[in-house]
Structures are given as C-alpha cells and as structure tokens.
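The values are calculated or read from the model by the stated rules, or taken from the named source; none is laboratory data. Since the model is a prediction, treat every value here as computed from it, not as a measurement. Please note: Cβ atoms are built from the backbone with ideal geometry, for glycine as well, and neighbour counts cover all protein chains shown.
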Amino acid sequence: MPNDTIYSRQLSILDPRQTDIKIVVIGCGGIGSVTIYLLSKMGFKNIVAYDPDTIEVENIPSQFFSFSQVGQSKVKAIKDTLGEHTGLSLAGHNKKYNGELAPIIICAVDSMNARHSIYNDFIKGKLAIRAYIDARMSGENGRLYAFCPLEQRDTQNYETTLYTDEQATPEPCTAKAIAYNTHFIGALIASQVKNLVMQKPIPYEIIFDLSNYAVLNSPARIL
C-alpha cells in the first residue's frame, strides 16, 4: 500500500483521511474503467467493481485497457493495471452486480434496461447509500445524475429518465464512444466523489456535448 505522502500535491484538494470510503462501481467499460483508474490515482483504497464482460479489441481505443489484455475479464485487467500504476488493490467481481451496498455507488453500465433493473432492484430506498451516481454516454455526449436514493424529489425526477433500450435513440456503431469523452466523464465522476467525501456541494444533473463545448448543470447541493 503506498504511503499517503505520495499524495502531497493534492492535500489541499482531497484529505487522504477521507479516501477509505467504500465505493462500488457497476461496469468496467468506457466510463467505469477510467473512473476506477482516476479514483485509485487519487488514493481511494476501497473500490469494488462488477462486470461480467471480457475485453475485445474494439474496447481498446476508449477504455482503460491495453492490447495485451484482450480476452481477459475486464475486472481482472483493471485490477492488474491498478496494481502496477497505483499499488492499490481492487476488489473485482467478474459477474453482474448483485446488490452489494456502499456509501457511494457508481452506475456505469451501457444498457438502459440494466440501469432500470439495477435502480429498482438494488438502489431505490436503500438507507446504506449516501450517493448514487449514474453516468451515461453516447458518442461525444454525456449525462450524469447524482443523488441520495432517500431524497424523494431527486428520485422522482430520476425515475422519469429511466426508459427501455428500445426507446433509446440508437447511435451508429461508428459513433458510440471516443476516448476524450470517457475520460471527461470519468473526471467529472472523480470530482463528484471528491466533493462528496469533502462535504462539498455537487449538482443533481450534468449534461454535456463535447462536440459543441457545451456543459450544463443543475444547482449544486450537499448530499
């Protein structure tokens, strides 16, 4: 385990005493792999990841994997990468999310049907969850929601954003993801987590379109 002195250049931004908080990340693809990497670089030590998928060559440009890892499970690959880059260990599960709870849960799946099921089966109304972060991506666009599952106004608003895969507007296969978008979303999530543990406000919703350099967000509040 690295000594906390290695984080000396961020001490005024993130108190290392706050980085022991448990964080569950659901999905280790474009958003999840980058988010896990950034959080571990910041010193977060208790990250649990779920993903049943293996790495395909098409994943390499926009996800945090290398060519040598093609064919491996995503959780094993990101665990190996973290060990080399940060010295921290990831608790990775090569399976679908099964409801493990934590103060912070990050949803980074690529299916609206899966997102709907995760929220209704495992997240809604759970006392143990301080903040649920749902990150969505399409090409150069993204949308993030962050809220406490016990906050009625936020949950009611969030539930209006849940729809089926069939209702989603399909993107061409050649316009699904690009590296700067996954890294931008990962950076936003990492910043949200930092603000959460430092008791600083975060917005319920962030919407952005990097093709037009447009970023919008709702008023921030402390969760």
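Considering only residues in the range 8-29 that are of a type in the set (Gly, Ala, Ser) and assigned to a loop (DSSP other than H, G, I, E, B), the one that is nearest to Met137 (Cα to Cα) turns out to be Gly29.
When residues in the range 172-223 are screened for being of a type in the set (S, T, N, Q), assigned to a loop (DSSP other than H, G, I, E, B) and touching a Ser or Thr at 6+ places or on another chain (Cβ under 7 Å), 0 of them pass.
Would the range 155-175 turn up any residue that is aromatic (Phe, Trp, Tyr) and either surrounded by 14 or more Cβ atoms within 10 Å (Cβ to Cβ) or modelled with pLDDT of 95 or more (or both)? So far as the range 155-175 goes, yes, one or more of its residues are aromatic (Phe, Trp, Tyr) and either surrounded by 14 or more Cβ atoms within 10 Å (Cβ to Cβ) or modelled with pLDDT of 95 or more (or both).
Just one of the listed residues (Ser68, Ser62) is more than 10 Å from the chain's Cα centre (by Cα), of a type outside the set (D, E, K, R) and assigned to a helix (DSSP H, G or I), and it is Ser68. Of all the criteria given as (1) part of a loop (DSSP other than H, G, I, E, B); (2) modelled with pLDDT under 95; (3) surrounded by 13 or more Cβ atoms within 10 Å (Cβ to Cβ), the one not satisfied by Val109 is (2). Of the residues making up the range 55-114, those that are acidic (Asp, Glu) and either touching a residue at least 24 places away in the same chain (Cβ under 8 Å) or on the phi > 0 side of the Ramachandran plot (or both) are Glu100, Asp110.
Just one of the listed residues (Gly87, Gly99) is assigned to a loop (DSSP other than H, G, I, E, B) and modelled with pLDDT of 95 or more, namely Gly99.
Of the candidates Ser8, Ser73, Ser62, the single residue that is farther than 19 Å from Ile189 by Cα and surrounded by 19 or more Cβ atoms within 10 Å (Cβ to Cβ) is Ser73.
Is it the case that the range 132-148 has a residue that's under 25 Å from Ile222 (Cβ atoms) and either more than 20 Å from the chain's Cα centre (by Cα) or assigned to a loop (DSSP other than H, G, I, E, B) (or both)? Within the range 132-148 (the criterion being under 25 Å from Ile222 (Cβ atoms) and either more than 20 Å from the chain's Cα centre (by Cα) or assigned to a loop (DSSP other than H, G, I, E, B) (or both)), the answer is yes, since at least one residue qualifies.
None of Ile47, Ile21 is surrounded by fewer than 22 Cβ atoms within 10 Å (Cβ to Cβ) and aliphatic (A, V, I, L, M) except Ile21.
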